[in-house]
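Here's the structure we're looking at; comments come further down.
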Amino acid sequence: MERVLRAVEQVPRGRVVSYGDLAALVGIGPRQVGSIMRVYGGNVTWWRVTNAAGDLPAPLREAARLRWADEGILVKPNGLGCRIADYRADLAALGDAYHRATVDLEP
């Protein structure tokens, strides 16, 4: 759980990642990332995590829109999320930041 939350916190302002991106980074499945975010994600930058199409669950869309507008992320015309291809974080840089942020969790 802590690794997922720390990974989310490394996503830069104005960028998003998918559940799958985080799963690959942390070494678990995308559904596990989704479950962790559903239960514990309220205290991290949850609006920066989308599905593979850049979409968010309906209950989160309105709150995310406000945060996205503040960060310069535009909502797709269908209103379901953002164009992930336009806003995806640099995954190599995210990986580096994640490893620095989790060094204290190493065995």
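Between residue 32 and residue 69, the FRET efficiency estimated from the beta carbon spacing at R0 = 22 angstrom works out to 0.15.
For segment 2-105, the ratio of Cα radius of gyration to the globular rule of thumb 2.2 N^0.38 Å stands at 0.99.
May I ask you to derive the FRET efficiency for residue 85 and residue 105 from their Cβ-Cβ distance with R0 = 35 Å, giving the value to the nearest 0.05?
It comes to 0.65.
A cut-off under 10 angstrom between Cβ atoms defines the neighbours of residue 44, and their net charge, with Lys, Arg +1 and Asp, Glu -1, is +1. For the chain, the relative contact order is 35 percent, taking Cα pairs closer than 8 Å that sit 6 or more residues apart in sequence and dividing their mean separation by the residue count. Charge tally for residue 94 (other residues, Cβ to Cβ under 15 Å; Lys, Arg +1; Asp, Glu -1): +3. Charge dipole (Cα centre; +1 on Lys/Arg Cβ, -1 on Asp/Glu Cβ; no other charges) of the chain amounts to roughly 320 debye. Only helical runs count toward this figure. For the chain, summing -39,500 (n - 2.57) over DSSP H runs of n ≥ 4 and dividing by all residues gives -15000 deg cm²/dmol at 222 nm.
Read-outs: derived from the displayed coordinates by stated rules, not from any lab. As the structure is a computational prediction, the values presented were derived from the model and not from experiment. Backbone-built Cβ (ideal geometry, glycine too); neighbour counts: all protein chains shown.
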